[in-house]
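The values are calculated or read from the model by the stated rules, or taken from the named source; none is laboratory data. Since the model is a prediction, treat every value here as computed from it, not as a measurement. Neighbour counts are summed over all protein chains in view; Cβ atoms, including those assigned to glycine, are modelled from backbone coordinates with ideal geometry. Ligands, DNA and RNA are excluded from the accessible area calculation, which covers all protein heavy atoms including side chains. Shrake-Rupley method; radii C 1.70, N 1.55, O 1.52, S 1.80 Å.
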Amino acid sequence: MVRFSTLDPSLWPRAVRALADLGFNAIDVPLVWREHERDDGSLDFTSPRLDVAAFLRAVSSAGLRAVVRLGPWPVSDVPALGIPDRVLHDRRCQARTRRQNPVYVLDLPGFAPLPSVASVAYREAAAAWITAAVKALEPALRDGTVARVIVGHGPPAILRDDAFEFDHHPDARGDAAPVLPPHRRGVDAALDEVKRQTGHVVEFSGWLVRAAADAGVERARIAVAIAGSVLTSPLACAVGATRVVAMTAPPPRAGVSGIWRQVRFACALGAGVHLDLRAGNPPFEPPTRATHTLQAARVAIAAGACDFTVQMGCAGDGWVGALLDERAEVRAHAARWSALLAWAQTLPEGRELGVTVPMSLDEVYEVRASTGVHPLPMGLLAWVGFAPEELTARDAITATRWVDAEGRLTAQSVPWRRALATGPCACDGAWADAQAAQWSALAPRVSPEGAALVRAVESHGRRALVVASAVEGPIRVSPPTSGRWSDEAGVIDTPRPLPGGEVMVLREVLS
Amino acid sequence: MSGRAWQLAGFDARSWHRLVTLVAPGFASHAPAARERGARVEGGLLFVLYDEGEVVRAIHSLRGPVDLPMWRSPADLAACADACGSHFAVAAAVGAIEELYERVGGRLHRGDDVASGLLLALGAARELIDEGELHVIPSLARGVPLPPPEVLRRAWDHLLPDGHAGVIVLFEGVELETAVVLRRRGAGLDRVLGPEVLRRMVGRLDGDLRRDPRAVREAVERELGPMAFGVFAPTTTLRELLMSRESGAWAGALARREVVLDPMPPWAAVAAGAGALHAVGRRSRDVLSTLDALGVFGPFSKRAREVGELLGSVDVRAMLGFDPLDVVGTILRGSANAAHPDDDDHEP
């Protein structure tokens, strides 16, 4: 990711070339609404530092493609959430507390009022921004330089694009007109539950997808950014009629299991997952060592994301520990990301093995509703790295239920291939459902229990296991005993004890 | 209300991690696999949400969800934290966090500056503590008074006057471990620069506490403006000083030149002698004379004597009603891994 507006334009070609040399095939380009809007409300896409077309030409010249983020809050750590003061301080656009006060969130060193994603006024303003930004991108969309457009409120902390527990904006109240398509019975069920508990309804990012599509971006190129809870993804996708979610990978704090679980879950629910991985930190998040970030990234990639963005590609205003420094020169640890990219290329592509037990969307929505309504300060706790299942209130969702849902969903068989290199969309979204009912007998077994997480992939007629170790020590994987795996015998030991967090591909062992 | 308009540059992941964990060791990075081993990790923060005295949810920042069998009421929070191996804990009644948002949202105004906003939020939190809806361990909130915004602004003016730069440079042996260069512009900071930028400005720094401060000062004053203060020390020394309970530890370290303050502003001279000030009551002039005799002030001794005249207006502790270093020390002493928050020597 390169925030081009924070770099001198003379450095753009150097930054793009440096990232291409490290092995990246696309540049992630966030457009910050607040930066592009002039005092009179007009938008500027042509001043030297804001000339997005010129930057995209630099991207294209280097033989790369672009992933463009339109937000409205496109990236962590932009002042005032990246939203113009005109909108941020418009009471009609602000999220409200129960007593109709504005909701302020930390925007260190101060505070910023939170917009209401349910506010009609906010939606109109945001949609106008997206329309104008898409127009500025038109040539690059036409010639294919822009591979994907990501919309949504992406930063993992504070603004959660789900049942927002603090928003009592009149447009979010239960007596307001329903904002989701009535034909989504599951959505309605979830909303009924939310409404019953809180008295107000919620909205997801579908309206942003619609705004981008109405502005001329083909749906297949649109992805929805989700914040925090992966359970948001099917709703966001369903409402927006798109198939790809952009998910910020959990921090190392989530642990191997948490990272794996969330990515697998998002993969199963969202069909295609674009992962956002950290290469550094916005300064107001707890710092992460490069080694730990790389370990988290390796686990997340192994869990099956189709493509990913390394955030903080080039140090701009407010980013710490990026791959390139402020002069677009390569930092020492960038070579380790380069090695990670090369390693990712070695992972098996193909068809996820396992079976399909379609979990009814109603069930997903029910789980979503129960995780979305709780009295914990989710944003604040997510900021220090808690996973959603750790934050749910007692009696809302049990760990067993979560794991059960996960197990059923991640066992689905999903065609999978890398994106960007071959097309704009990560997955074609076709869901195989032939092997229902036997999923539990078909999952590989790990010994000792809980020592590793395993994903099976059929690649070019061969099978492989991707193993992420959760603890240190030797790991034994037992093939399933029924179904397509039934002809396999014996157990597979990893060739050596795996350090905790290490990922290994056991190739062809089951072929 | 958003006060951010600064350039932040020159930190890689390591130097940033080392800087942050110096004062907030609880934020030290852990490997993903450490989460699975969480039950063996000491420290962390316990957060308890309760309703009518009963625990709704208890989570620990290193261990995830935890059971608290000894919980009977919020009065048991300290015992629960202790059982979890944690020195830090927060308990909130259901609705307390929402009420905090209510109060902040109802009182904050668009034109409020950063100081006013922060004090307002802290004040609202304190109200909830006083009302028994929020419980914090350690109970810093009760011991630390909240000064009015104008006093906070005056203290800020003394610490880092407008247009001036402040520098902290930390070494481990001959290696520059981390550094931060701050420059104030108006009410806030406009530059937050790390070791990469400092190296570009100064050239090589090798932990020579006689040479490096001079070189840094010349470079910073050339490029950014007059320097208000500069702190140069080995990281371990500074960490020990921050954690120390010993009165006069700073004065002693300065006298032995284990830490160099260059330039040493009046408030730093007073802060360095704070322990001694306590010992001698109001006889601050004597303390400063003693520091001067120890050679703490070096070539700035004349200025140090002038400081005595100004003491009433530069003693940050007296101004704020509490010693910010005491607050940092309390946090550090309560952190399980404060002494060795970062073990990344072998990180490639």
*asked:* I'm checking my understanding of the structure. Among residues of the stretch A:89-124 that are more than 7 Å from every other protein chain (Cβ to nearest Cβ), open to solvent by less than 10 Å² (accessible area, probe 1.4 Å) and touching a strand residue (DSSP E or B) at 6+ places or on another chain (Cβ under 7 Å), which one is nearest to A:ASN281 (Cα to Cα)?
replied: A:VAL105
*Would a scan of the stretch B:43-61 turn up a residue that is buried (at least 17 other Cβ atoms within 10 Å of the Cβ), closer than 30 Å to B:GLY163 by Cα, without any contact (Cβ under 8 Å) to a residue 40 or more places away in the chain and touching a helix residue (DSSP H, G or I) at 6+ places or on another chain (Cβ under 8 Å)?*
no
*Which of the following residues is part of a helix (DSSP H, G or I), more than 24 Å from A:PHE308 (Cβ to Cβ) and small (Gly, Ala, Ser): A:ALA54, A:ALA18, A:ALA58?*
A:ALA54
*Restricting attention to the stretch A:274-292, and to residues there that are farther than 20 Å from A:ALA26 by Cβ and either open to solvent by less than 10 Å² (accessible area, probe 1.4 Å) or not in a loop (DSSP other than H, G, I, E, B) (or both), which single residue is farthest from the other protein chains (Cβ to nearest Cβ)?*
A:PRO282
*Go through the residues of the stretch A:305-316 one by one and say whether even a single one is within 12 Å of chain B (Cβ to nearest Cβ) and surrounded by fewer than 24 Cβ atoms within 10 Å (Cβ to Cβ).*
no
_Residues located in the stretch A:26-49, provided they are open to solvent by 10 Å² or more (accessible area, probe 1.4 Å) and within 14 Å of A:TRP129 (Cβ to Cβ)_ = A:ARG34, A:GLU35, A:GLU37, A:ARG38, A:GLY41, A:SER42, A:LEU43, A:ASP44, A:PHE45
_Number of the exception - A:ALA322 against (1) under 22 Å from the mean Cα position of the chain (by Cα); (2) over 29 Å from A:ALA80 (Cβ atoms)_ = (2)
*What single numbered condition from (1) over 30 Å from B:ALA115 (Cα atoms); (2) at pLDDT below 95 fails to hold for B:GLU218?*
(2)
_Quick check on my filter: what residues within the stretch B:62-73 are buried (at least 18 other Cβ atoms within 10 Å of the Cβ) and not charged (D, E, K, R)?_
B:LEU62, B:GLY64, B:VAL66, B:LEU68, B:TRP71
_Considering only residues that are out of contact with any Leu (no Cβ under 6 Å at 6 or more places or on another chain), farther than 21 Å from A:HIS168 by Cα and open to solvent by less than 10 Å² (accessible area, probe 1.4 Å), which ones fall in the stretch B:75-116?_
B:LEU77
*helices (runs of 4 or more DSSP H) fully within the stretch B:86-155 counting 1 or more residues that are more than 14 Å from every other protein chain (Cβ to nearest Cβ) and more than 21 Å from B:VAL328 (Cα to Cα)*: B:114-130
*How many of the residues making up the stretch A:454-471 are under 13 Å from A:MET504 (Cα atoms) and not β-branched (Val, Ile, Thr)?*
7
*Please verify whether the stretch A:276-296 includes one or more residues that are among the β-branched types (Val, Ile, Thr), touching a residue at least 24 places away in the same chain (Cβ under 8 Å) and farther than 27 Å from B:VAL23 by Cα.*
no
*Which one is farthest from the other protein chains (Cβ to nearest Cβ) among residues in the stretch A:450-463 that are surrounded by fewer than 22 Cβ atoms within 10 Å (Cβ to Cβ) and in a strand (DSSP E or B)?*
A:ARG462
